[in-house]
Amino acid sequence: MYHYTTFGLRIRSDIELPELGEPGREEKPHLTITFRPIPGELPDALYRGKSFQISPSQVLIRIEQVAGYLVRNGQEIIIDPSHTAEMDLVRVFLLGPVIGIALHQQGFLVLHGSSVLWNHQAIIFAGASGSGKSTIAGALIRRGFPFLADDLCPLRMENNMPLLLPSIPQLKLMEDVLPELDFSPESAVRLSSVTAKYGISFAEKISAEPLPVRMIFILQSEPTEKDIRMEQLSGVEKFNALKDNTYRFPLLHYMNLTTRHFGLVTSVAKQVTVYRIIRNTGISVENTAATVTEFLSRL
């Protein structure tokens, strides 16, 4: 057995998860990861699709030629790998959508974003897949901003303050971005043989404690935009921006989590400043990072 702590959770796993850093000492887990057969379907499913079956307490995820994953109450993940599955790829899905579902079941607000540290607080970049979240975070890291999270940004409310929980200490970047951000090939590990994404480890540099969230930037691509424009969001627009950038938001309805989720979004929106960054995708990531750095320096 291997024991890890991430997202503020103690995790016990049947397999080694090098992406989570060095294993720790054995403690009573919040979440267990085991390998054994899983059912073909959920009898009480409220949603049945090609890849997902969802009930209020369980989510069944099937990734063709990789594995089936059963997530129960945020406390247990059961993996049933394909006979031909590459274990690196099994872990890619485990530490992405699968554990993201478990975090929702645990009661966190999980934003689809990347985060860096600024003035002892977290700033988060959220947006749709391909919007540049990880790339902008990588550019800011090269400018001296410490890494905090990538892909999954789980928040919890404590004393009326939204906190970002310690995350998986790995930034995922496409292969063609590595030289642009001056990351050496030696510092990157290919996530699997069938993906062009690479992981940069920050295991020794990531914060081990929850951090207050100061600001959230929503990335929006606009082909007609000639420059980088930032606008502060408020009211319903702010609420919708956080809701729409929640990780796997459409699934929450079938998990009976919508009401709780809306309450979390409302609480976070009251405490955090949210900006939309509107830019043409042709604008370099370095220019975007420079704009963000200059903006933060004026606060």
- Message: Give the residue list of trypsin sites (Lys or Arg not before Pro) in region 235-299 that are DSSP loop and have at most 12 other beta-carbon atoms within 10 angstrom.
- Response: ARG298
- Between LYS28 and HIS253, what is the spin-label point distance in nm, taking each point 7 Å from the Cα along the Cα→C-beta axis? 3.9
- Query: Can you give the angle from 0 to 90° between the axis of helix 285-297 and the longest principal axis of the chain, with both taken from C-alpha atoms, to the nearest 10?
  - Reply: 70
- Query: Hey, what did the chain get for relative contact order, percent, Cα under 8 Å, at least 6 apart?
  - Reply: 16
- Item | Cubic angstrom per residue, convex hull over Cα atoms of the chain | 140
- Length gained when the stretch ILE283-ASN159 is fully extended (0.36 nm per residue, less Cα-Cα span): 40.7 nm
- Task: Pick out, in residue order, every one of the chymotrypsin sites (Phe, Trp or Tyr not before Pro) in region 45-116 that is DSSP loop and has at most 15 other C-beta atoms within 10 Å; say none if there are none.
- Result: none
- Which angle from 0 to 90°, rounded to the nearest 10, does the C-alpha axis of helix 258-271 make with the longest principal axis of the chain? 30
- Mind giving me the FRET efficiency for LYS270 and GLN75? R0 is 35 Å, r the Cβ-Cβ distance, nearest 0.05 is fine. 0.70
- From phi via Karplus (6.51, -1.76, 1.60), per-residue ³J(HN,Hα) for region 145-160 in Hz, x at Gly/Pro: 7, x, 6, 10, 7, 9, 6, 10, 10, x, 10, 9, 8, 9, 6, 6
- Extending each Cα 7 Å along its Cβ direction at ASN119 and GLU231, get the distance between those two points in nm, one decimal. 2.5
- Task: Please identify, among GLU209, GLU158, GLU22, the residue showing maximal mean-square fluctuation in a Gaussian network model of the chain using a 10 angstrom Cα cutoff.
- Result: GLU158
- Note on the structure: Out of GLY40, GLY96, GLY138, a Gaussian network model of the chain with alpha-carbon springs under 10 Å gives the largest mean-square fluctuation to GLY40
- Task: Enumerate the amide H contacts of ALA128 below 5 Å, restricted to partners 5 or more residues apart or on another chain; note that Pro and chain-start residues carry no placed amide H.
- Result: none
- Highest-MSF residue in the chain out of LEU257, LEU148, LEU242 [GNM, Cα springs under 10 Å]: LEU257
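To the nearest 500 deg cm²/dmol, what mean residue ellipticity at 222 nm is calculated for the chain from DSSP H runs of n ≥ 4 alone, each contributing -39,500 (n - 2.57), summed and divided by the residues?
Taking each H run of at least 4 residues, the total per residue is -6000 deg cm²/dmol.
Using the crude model of +1 on Lys and Arg Cβ and -1 on Asp and Glu Cβ, and no other charge, please compute the dipole size for the chain relative to its Cα centre, in debye to 20.
My answer is approximately 820 debye.
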- Separation in nanometres of the label points that stand 7 Å from Cα toward Cβ, at MET1 and SER184: 3.9
- Message: With angles folded into 0 to 90 degrees, how steeply does helix 133-142 sit against the dominant principal axis of the chain? Use alpha carbons for both and round to 10.
- Response: 60
- Message: For SER55, what residues show an amide H to amide H distance below 5 Å, using hydrogens built from the backbone and excluding near sequence neighbours?
- Response: LEU46, LEU60
- Item | Set of lysines near LYS270 by C-alpha distance (under 29 Å), chain-local residues within fewer than 8 positions excluded | LYS133, LYS238, LYS243
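Since every read-out is calculated from the coordinates, none of them should be taken as a lab result. The structure presented is a predicted model; accordingly, all values stated were derived computationally and were not measured. Counting neighbours? That spans all protein chains shown, and the Cβs are built from the backbone with ideal geometry, glycine included.
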